[in-house]
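So the structure is just underneath, and the comments pick up after that.
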Amino acid sequence: MGNIQTKDFYCDFVLNNKLQVEKIKETKNILAFYHTKPNWTIHIVIIPKKHVTRFIELEDMGLIKEIFQVAQDIIKEKGLAESNYKIITNGGSFQDSQHLHFHLVSGEVLHFSGE
Ligand SMILES: [Zn+2]
C-alpha cells in the first residue's frame, strides 16, 4: 500500500474512517468501495467489516455469501456482465493487506501490480 506503513490498511484506515473512501455499497457486515490506487479501469474492494486476517482462517462462511451478494449487486447495477469482470482474493505471499478482501475488477489494466 505505497508508503502507508500498515499491515491492515482496512482496519487501520478505511473502517475507522481515517481515510475517506468512495463507498459503493454497505451492508451490516460488508463494505464495498473504490480502490484508492486502482490497477484497473474499475477496481472495487469488498471487505468484511469484522476483522478476518486470511481467507484460510475464515470460519463464518456466511460472510462469503454476503460478499458475493454485494459483488453480484454491483455487477448488475454497473452492467459489468455486458463487458467483463473478475473477482480475486489473494493469499500467502500474494496477499498485501492482512485483512480478508476481494477485488472486483473490470475494464482494462492500468498498471499491473498483482491486483
Ligand atoms: Zn482488519
* Cβ pairs under 6 Å, 6+ apart, first in segment 51-78 and of a type in the set (S, T, N, Q), second within 16 Å of the ligand (Cβ to nearest atom) -> T53/Q98
* For segment 86-115, enumerate the residues that are at negative phi, assigned to a loop (DSSP other than H, G, I, E, B) and surrounded by 15 or more Cβ atoms within 10 Å (Cβ to Cβ). => T89, N90, Q95, S97, Q98, H99, L100, H101
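Read-outs throughout are calculated quantities, based only on the coordinates presented, and are distinct from any laboratory measurement. It should be emphasised that the depicted structure is a prediction, and the values quoted were computed from it without experimental measurement. Glycine also receives a Cβ, built like all others from the backbone with ideal geometry; neighbour counts cover every protein chain displayed.
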